[in-house]
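Asker: Structure provided below as structure tokens; questions to follow.
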Amino acid sequence: MLVAAEETGVRPQELRKVEARHVDSDSGLWVFGPTEHKTGAKTGKPRLIFLTETALQLTKRLVQVFPDGPLFRNSRGNPWTSDGFRTSWHKAVKSAGIEGVTFNDLRGTAVTRLAEAGCTVPEIASITGHTLRSATTILERYRARTRKQASAAIQKLDEHRRMRTS
């Protein structure tokens, strides 16, 4: 569940509901809101989340292990409850010596990584389920200003100038 959240920014409450039948083995998984027949996510619609090759392979393995019911389960093989997941997350974070981090922070991580990979804000929002405004706000707040980014920006500027003068 951590890999899926980190790479897609999908909400934990959506991931907990993903079942083998929601997996599109060629591209990703369908996520839904409170019930499949009601509303999906915050947009009111189910959406297909395309997965990276790493996340897709992991998901396919989970389908083999759990062909019925939720794919993401606790160490006893039971589907995660909201409280059970939250408790386990807090224990894992504490044992890792990390403070002030929530599972939802992985959504910001996903937004940032997608942006660093060159994705546009609309592309990012289509994966994470954020609104364009929300995805932009996340980028403004959390996206690290790194040496790598600064170097890439200067390279683009130099390339642009070379193209303009040729």
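Asker: So for region 92-131, Kirkwood radius off the Cα pairs, Stokes-Einstein at 25 °C and 0.890 mPa s: how many µm² s⁻¹?
Answerer: Stokes-Einstein gives a translational diffusion coefficient of 218 µm²/s.
Asker: A follow-up question, please. Dividing the Cα radius of gyration by the Kirkwood radius, what Rg/Rh value follows for region 52-114?
Answerer: Rounded to two decimals, Rg/Rh equals 1.02.
Asker: In a GNM of the chain with a 10 Å cut-off on Cα contacts, which of 118, 84, 100 has the highest mean-square fluctuation?
Answerer: Between 118, 84, 100, it is 100 that shows the largest mean-square fluctuation.
Asker: Then there's this: Solvent-accessible area per residue for the chain at a 1.4 Å probe radius, Å²?
Answerer: Computed with neighbouring chains in place, this is 64 Å² per residue.
Asker: How many percent of the accessible area of region 52-166 is carbon or sulfur, using a 1.4 Å probe?
Answerer: 54
Asker: Using helices alone, I'd like the mean residue ellipticity at 222 nm for the chain: each DSSP H run of four-plus residues gives -39500 (n - 2.57), total over residue count, nearest 500.
Answerer: -16000 deg cm²/dmol
Asker: Assuming R0 = 25 Å, can you tell me the calculated FRET efficiency for the pair residue 99 and residue 2, based on Cβ-Cβ distance, to the nearest 0.05?
Answerer: It comes out at approximately 0.90.
Asker: Pick out, from 2, 124, 15, the residue whose Cα sits farthest towards the positive end of the charge dipole of the chain, with +1 on the Cβ of Lys and Arg and -1 on the Cβ of Asp and Glu.
Answerer: Value: 124.
Asker: Now for a different question. Report the trypsin sites (Lys or Arg not before Pro) located in region 114-160 that are in a DSSP loop and have at most 16 other Cβ atoms inside 10 Å of their Cβ, or state none.
Answerer: Sparse-neighbourhood loop trypsin sites (Lys or Arg not before Pro): 143, 145.
Asker: For the chain, with equal point scatterers placed on the C-alpha atoms only and solvent neglected, what are the log10 I(q)/I(0) values from the Debye formula at q = 0.17, 0.19, 0.20 1/Å, to two decimals?
Answerer: Reported log10 I(q)/I(0), two decimals: -1.09, -1.29, -1.38.
The values are calculated or read from the model by the stated rules, or taken from the named source; none is laboratory data. Note that the structure is a prediction, hence the values are computed from the model and not measured. A quick note on method: Cβ atoms are made from the backbone with ideal geometry, for glycine too, and the neighbour counts reach across all protein chains shown. These accessible areas exclude ligands, DNA and RNA; they are computed on the full protein's heavy atoms, side chains included. Shrake-Rupley method; radii C 1.70, N 1.55, O 1.52, S 1.80 Å.
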